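Down below is the structure, laid out as structure tokens.
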Amino acid sequence: MSTTIDKDDKDDKDDKEPIIHVRNVVKTFGNGVRALDGVSIDIGRREVVVVVGPSGSGKSTFLRCLNGLETADSGEIVIDGIPLDHNRKNRLEIRKEAGMVFQQFNLFPHMTVGRNIDLAQIRVRGASTEEARRNTCELLTKVGLEDRVDAYPAQLSGGQQQRVAIARALALRPRVMLFDEATSALDPEMIGEVLDVMRDLAREGMTMVVVTHEMGFAREVGDRAVFIDEGRFIEIGPAAEVFDNAKEERTREFLSKVL
Amino acid sequence: MIGPYASHQRRFFSPLDVVLLALLAAMVVWLGPGLIRAGEYRWNWSVIWRYMVRYDPVSDRMRPNVLLNGFFTTIRLSIWSGVVAMIIGLVMGVLASRRRLLARLVTRTYVEFARNTPPLVLVFLFYYFLGQQITAILGLEQWVAAMDPRTARIVTILAAPPRQLPAFVSAVATLGIFEGAYLTEIVRAGIQSVPKGQWEAGYALGLSSRDRYRFVVLPQAWRVVLPAAVGQFISIIKDSSIVAVISIPELTFQGLEVMAATYRTFEIWITIALMYFLLSSICSWGARGIERRLARHVAR
């Protein structure tokens, strides 16, 4: 599993420790569908893991289990040394550690862009209004939307909204970013701008778990790729290897359909 | 658009309209003789004016008399009941939207009880049973007895004369609890109209459950809740007439009193109907304005 992470700075002393540790996670929904059937993976710091697979294979469920949006039936999830259990405090810590970007953006429509990004900083991190706004402007500059701080989400294009959502997820300075089909709801001409922001983030050394249908992007940016089908990790390996010479028949079959 | 409906709508009278007109004509023929006899009724509207305003020789000014005072009492009663109902509705509505079984059980029981009991029965129940308890717990009687004149004046303006305060409080509690059940449902529906993704985004950002309600969900639920809540307030105004049975001097009660003194049945009840109508239509006019404004807000 250990792929070399050729990212520049290596000053973190517990660099070898995985930041995301998942063991035998099972998740069954009320209707009896087994969305995750005993999945395990360790993800290192600064690693970008792309998760691909047919729809309904459990990609999103896996991602949603990582920050507690779904509660796994059994198994073990540890994020940056914090076990995801029923302890409220641990769960809150993990929610702060892991930023999430949704397919449908989920910006708060009644707040300006700036306020969307300020909110968690003020309420969760206890930042002052000025402090929060300064950080918000920095984040918006990063995603190229510094002039839209006072706009409402409905006034922005889909691509712009998703960039704001990324900035918002970054506002608590998370150690991990989870992307749940971040470009699937976008018009084709807007996909590029969102992928650019994600690419920059990966380059800066953010640990990322990316569920995506953008195979070109996945191969280019992913350090490792996971192919998931029917709730199981069929294949995990270096992205280039998985995409170019998959070992498993099912992976090859899936990729031949989408590539 | 071209279709069976398009041509249908352009016609002036549909068969249904003809039937309705025929029914209306039949009613006139049937009730006509009675109406003509009623024409011999000697109207006396001056009674109404006398009971609306009176001349006060002490201050040398016109002052509101029983009917107008009843009108004001109805307004006060409605506002206080509306406030109580809104608080109950907000708390219970939030509880009803939670996943906890106990929270849902409590709110469900309350809503079903309040909605499936005639308000008149509730009034008696509260007045004779809970009303006494509430006023005792609040220490209302003692407070009223020890009240200085200035406080008494303020209380009279805001609620009711001190002497009637315990009954007024029971009436507000009854109406508030009764109407609160409807507001609970309105608030719950409003909360549930907010897309799930909004909750999830708030959760993922680390916001506490309280903050998710306060900053994310309730402000959005408000758009659905507000127009419906104003509509419910109109019901409160109309339903407030039932507390006449516990001698709250509101509009209907005063109407009964004036009728007992003058026997001018038609004049009094037509006047009172118009006064309720006036109050309610002002509110629904306001509700439409709010709705329009909120719609514009969303379309932004």
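Taking the condition at pLDDT below 90, under 28 Å from B:THR74 (Cβ atoms) and in a helix (DSSP H, G or I), does B:GLY286 pass?
For B:GLY286, the condition - at pLDDT below 90, under 28 Å from B:THR74 (Cβ atoms) and in a helix (DSSP H, G or I) - is met.
Are there any pairs with C-beta distances below 8 angstrom linking a residue in region B:106-129 that is among the β-branched types (Val, Ile, Thr) to a residue that is outside any helix (DSSP H, G or I), with the two at least 6 apart or on different chains, and if so which?
Close Cβ pairs satisfying both conditions: none exist.
Show me the helices (runs of 4 or more DSSP H) found entirely inside region B:169-281 where at least 1 residues are closer than 30 Å to B:ILE137 by Cα.
B:218-239, B:251-262
Are there any helices (runs of 4 or more DSSP H) wholly within region A:144-259 with 3 or more residues that are more than 20 Å from A:ARG46 (Cα to Cα) and at pLDDT below 95, and if so which?
Correct list: A:188-203, A:249-258.
When the residues of region A:95-114 are filtered to those that are in a helix (DSSP H, G or I) and at the interface with chain B (Cβ under 8 Å from one of its Cβ atoms), which remaining residue is surrounded by the fewest Cβ atoms within 10 Å (Cβ to Cβ)?
Per the stated criteria, the residue is A:LYS96.
Restrict the check to region A:115-126 and report whether at least one residue is acidic (Asp, Glu) and within 12 Å of another protein chain (Cβ to nearest Cβ).
Yes, the conditions are met somewhere in region A:115-126.
Quick test for you: out of B:VAL224, B:VAL217, B:VAL172, B:VAL243, pick the one residue that is surrounded by 19 or more Cβ atoms within 10 Å (Cβ to Cβ), of a type in the set (A, V, I, L, M, F, W, C) and closer than 30 Å to A:ALA165 by Cβ.
Answer to the check: B:VAL217.
A:VAL48 versus (1) more than 17 Å from the chain's Cα centre (by Cα); (2) more than 14 Å from chain B (Cβ to nearest Cβ); (3) modelled with pLDDT of 95 or more: which is the lone unmet condition?
Condition (1) is where A:VAL48 drops out.
Does B:TYR182 count as surrounded by 18 or more Cβ atoms within 10 Å (Cβ to Cβ), within 14 Å of chain A (Cβ to nearest Cβ) and in contact with a Lys or Arg (Cβ under 8 Å, 6 or more places away or on another chain)?
So B:TYR182 fails the test.
Give just the number: which of (1) in a loop (DSSP other than H, G, I, E, B); (2) aliphatic (A, V, I, L, M); (3) within 10 Å of chain B (Cβ to nearest Cβ) does A:LEU92 not satisfy?
All conditions pass for A:LEU92, except number (1).
Looking only at region A:167-194, which residues are within 11 Å of the chain's Cα centre (by Cα) and over 20 Å from A:ASP80 (Cβ atoms)?
Matches in region A:167-194: A:GLU181, A:ALA182.
Kindly indicate whether B:ALA228 is within 14 Å of another protein chain (Cβ to nearest Cβ) and touching a helix residue (DSSP H, G or I) at 6+ places or on another chain (Cβ under 7 Å).
Numbers: within 14 Å of another protein chain (Cβ to nearest Cβ): no; touching a helix residue (DSSP H, G or I) at 6+ places or on another chain (Cβ under 7 Å): yes.
No: the conditions fail for B:ALA228.
Please find, among B:ARG108, B:ARG99, B:ARG153, the residue that is more than 23 Å from the chain's Cα centre (by Cα) and either in a helix (DSSP H, G or I) or surrounded by 12 or more Cβ atoms within 10 Å (Cβ to Cβ) (or both). Don't jump to the end; show me each part of the working.
Details: B:ARG108 fails: more than 23 Å from the chain's Cα centre (by Cα); B:ARG99 fails: either in a helix (DSSP H, G or I) or surrounded by 12 or more Cβ atoms within 10 Å (Cβ to Cβ) (or both).
Among B:ARG108, B:ARG99, B:ARG153, only B:ARG153 is more than 23 Å from the chain's Cα centre (by Cα) and either in a helix (DSSP H, G or I) or surrounded by 12 or more Cβ atoms within 10 Å (Cβ to Cβ) (or both).
Suppose the filter is away from chain B (no Cβ under 12 Å), more than 23 Å from A:ASN67 (Cα to Cα) and of a type outside the set (A, V, I, L, M, F, W, C); does A:THR183 pass it?
It is false that A:THR183 is away from chain B (no Cβ under 12 Å), more than 23 Å from A:ASN67 (Cα to Cα) and of a type outside the set (A, V, I, L, M, F, W, C).
Any idea how many residues of region B:202-225 are within 13 Å of another protein chain (Cβ to nearest Cβ) and either touching a residue at least 24 places away in the same chain (Cβ under 8 Å) or under 19 Å from B:GLN164 (Cβ atoms) (or both)?
8
Let's see how each residue does on (1) of a type in the set (Val, Ile, Thr); (2) within 30 Å of A:LYS16 (Cβ to Cβ); (3) away from chain B (no Cβ under 13 Å):
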residue	(1), (2), (3)
A:ARG173	no, yes, no
A:MET190	no, no, yes
A:GLU204	no, yes, yes
A:VAL211	yes, yes, yes
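The values are calculated or read from the model by the stated rules, or taken from the named source; none is laboratory data. Keep in mind the model is a prediction, meaning the values are calculated, not measured. Cβ atoms come from the backbone with ideal geometry, glycine included; neighbour counts cover every protein chain shown.
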